Every structure is written in structure tokens, then in C-alpha cells.
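Written below as C-alpha cells is the structure these notes are about.
The values are calculated or read from the model by the stated rules, or taken from the named source; none is laboratory data. Treat the numbers as computed from the prediction; the structure is a model and nothing was measured. A quick note on method: Cβ atoms are made from the backbone with ideal geometry, for glycine too, and the neighbour counts reach across all protein chains shown. Accessible surface is based on the protein model in full, side chains and every heavy atom, while ligands, DNA and RNA are left aside. Shrake-Rupley method; radii C 1.70, N 1.55, O 1.52, S 1.80 Å.
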Amino acid sequence: MTFDIVTIFPAMIEQPLAAGIIGRAIERGTLDVKVRDLRDFTTDRHRVVDDVPYGGGPGMVLKADPIFRALDAIEAERGGPLTVILTSPQGRRFTQAEAQRLSGAAQIVLLCGRYEGFDDRVRERVTEELSIGDYVLTGGELAALVVLDAVARFVPGVVGDEQSVAEDSFSRGLLDFPQYTRPAEIEIDGDTATAVAEGQRVLKVPDVLLSGNHAEIRRWRKREALSRTLDRRPDLLDDAVLDEEELSLLQELKGARDGRD
Ligand code: ADE
């Protein structure tokens, strides 16, 4: 899959992409990512990418013509038509389902916004506009990285275990169950002890995880994932895909909570 990222701050994109799972996928050629400096598509001596807004007001607006030239160059190189995504707080909310859907595209262009926004005529060339959340970033670079990372996880060969990506609890609409690793018991000092339950001096891994009973472990994990989701993100349960066992565990958990109220 190819990604082209159009930005005025290439360093904000290049360095994070060089590390970790995405960096390795780029090295292997599973992902082909090109970062395009918008200033390379200006025609004036000072490589100006922004201008004052018509009608007045604070801030600067990114000019449309360098962006059109950047898109023309990418289209000539990659072949069109392009899927062009604009990252902005005005966009539709980016979700795990959107990430999975976009991973079906062979190529994606990400346009990173800046300043007070783009000249609105840019939207003529935009396929979709996405927001990563209800807050305003100083620019679209971090949002573009978020979109690329979440989409790339679904591209075969990027994450080692494809099955685990497809069956991610979040993809099914649930939060993850808690995980633990060795040691089975951690002695805690005075400072940490004041931050946890009073009188507790040893933090233990839940017994069931040490039991070797795989059926019990699976059921405990389902219950914990449901319980966390119910407590922290009950809205996710409206669209969650649950099996019979999960539905009955959820009824139990809701019943217990109703009893407590
Ligand atoms: N640019 C600035 N804020 C943003 C957001 N919340 N999502 C996507 N792009 C942005």
C-alpha cells in the first residue's frame, strides 16, 4: 500500500515513521510512504505556502495552488484517481472501522492542514475529510500519522499476526482485558503502597491466570473486557459484536451493577 503525505513540516512525519512496526514495514517494502514537502510545489522565490484570509481575520490560510500541484505530481507518479484525505477538526470522526475500510485502498494521500486551515477550494480534490477527535491540534501532521498507523495495521504483512489484528477486541467493539507478566507477586514500597489499596503490600496476578485452566482464563478475559467496557465506554456496547457467552456475561455484569445502585 502506498501513502503520500503532503506537509510543510516533513521532519514531523519522517522521524516517527522510521521507528517501530511501521518503520520495519517501510524497510521491507510492505508499505511505500513518501513525504512531500508542500514548499517544493510553490513557484515563487520565497516558496510561500500561505496567505492572509480574504475578508480579514487572524491567522494565515494555506494556498490552494501548491496543493493542486502536489496532487498533480503524485497522480502522475502513482497513477490516478487518488484517494485524498484531508485531516481537520471539521472532518468525520476517524474510527477503527474507518481504518479497516481505508486499508482496502491501494493508495492514500494525506493532506496535513496548518494555520487557520486551507483555501476551501482544496476540497474540490478531497475524497474525504477526517478528524481524529474533538480537539484542535496545531496542525494535521499528528492526525495524519494517527490515520496512517491505524490503517497500516490492517495491511497484510505489517503486523506479524494478522489474525490478532482482525480479532482485536477493539475491532469487535470492546476494550482489552488486563494483561500481566512476571513476576507473579510484586512487593511494594511505602510510596506505591499509599497509592494502592490501604494495607496492601504485595501486588498479585489474578489466580485464574496462573491456574493453567484455559477455559477459565478465556471466560475471565471475556468478563474483564466486558466489565471494563461497561464501566469506561458503555457507548461501545451498542455496536459490539458479542457471542452467546459474552451476552450472558454482560447480563450478569449489568445485573450486579443494578444490584449495587
Ligand atoms: N488538525 C487539527 N486538529 C485536528 C483533529 N482533531 N483531527 C484531524 N486533524 C486535525
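A few points about this structure:
- Mean Cβ count within 10 Å, highest first, over the residues of peptides 230-241, 16-27: 16-27, 230-241
- With the convex hull of its Cα atoms as the shape, the chain has an orientation-averaged projected area of 20.4 nm².
- Considering only beta bridges that DSSP places wholly inside the chain, some 20 percent are antiparallel.
- Counting charges near Phe118 (Lys, Arg +1; Asp, Glu -1) among other residues having Cβ under 13 Å from its Cβ returns a value of -3.
- Taking N as its residue count, the alpha carbon Rg of region 148-261 over 2.2 N^0.38 Å: 1.30
- Approximate spin-label separation Asp238-Ala256, in nm, with each point projected 7 Å along Cα-to-Cβ: 2.6 nm
- Cβ-Cβ distance of Ala76 and Asp207, R₀ of 45 Å, FRET efficiency by 1/(1 + (r/R0)^6): the value works out to about 0.10.
- Taking the chain and dividing mean pair separation by its residue count, relative contact order in percent (alpha carbons under 8 Å, at least six apart): 17 percent
- Taking the longest Cα principal axis of the chain as reference, the axis of helix 214-232 is set at about 60 degrees.
- Lys, Arg +1 and Asp, Glu -1 on Cβ, resulting dipole of the chain about Cα centre, debye, nearest 20: 260 debye
- Carbon + sulfur, % of accessible area of the chain - ligands and nucleic acids excluded, 1.4 Å: 50 percent
- Note that the chain presents 58 Å² accessible area per residue, ligands and nucleic acids not counted, probe 1.4 Å.
- For a straight C-alpha distance cut-off of 25 angstrom, the lysines reachable from Lys222 (same-chain residues fewer than eight places away being disregarded) are Lys204, Lys254.
- Relative contact order computed over region 98-199 (Cα-Cα under 8 Å; 6+ residues apart), in percent: 26 percent
- Separation in nanometres of the label points that stand 7 Å from Cα toward Cβ, at Glu128 and Asp32: 2.3 nm
- With Cα atoms, 0 to 90° folded angle of helix 64-78 axis to the chain main axis: 70 degrees
- Relative to the current alpha-carbon distance between His46 and Tyr135, full extension at 0.36 nm per residue lengthens the span by 28.8 nm.
- Span from the region 159-188 Cα centroid across to the region 66-129 one, whole angstrom: 32 Å
- Nearest 10 degrees, 0 to 90: helix 244-260 Cα axis against the chain principal axis: 70 degrees
- Rg(Cα) / (2.2 N^0.38 Å) computed for region 4-87, rounded to two decimals: 1.28
- Counting Lys and Arg as +1 and Asp and Glu as -1 over every other residue whose Cβ lies under 15 Å from the Cβ of Val155, the net charge comes to -3.
- The calculated FRET efficiency for Ala11 paired with Glu162, based on their beta-carbon distance and R0 = 35 Å, is about 0.65.
- Applied to region 141-146, the Karplus parametrisation 6.51 cos²θ - 1.76 cosθ + 1.60 on θ = phi - 60° returns per-residue 3J(HN,Hα) values of 4, 5, 5, 4, 5, 4 Hz, with x for Gly and Pro.
- Counting Lys and Arg as +1 and Asp and Glu as -1 over every other residue whose Cβ lies under 13 Å from the Cβ of Leu210, the net charge comes to -1.
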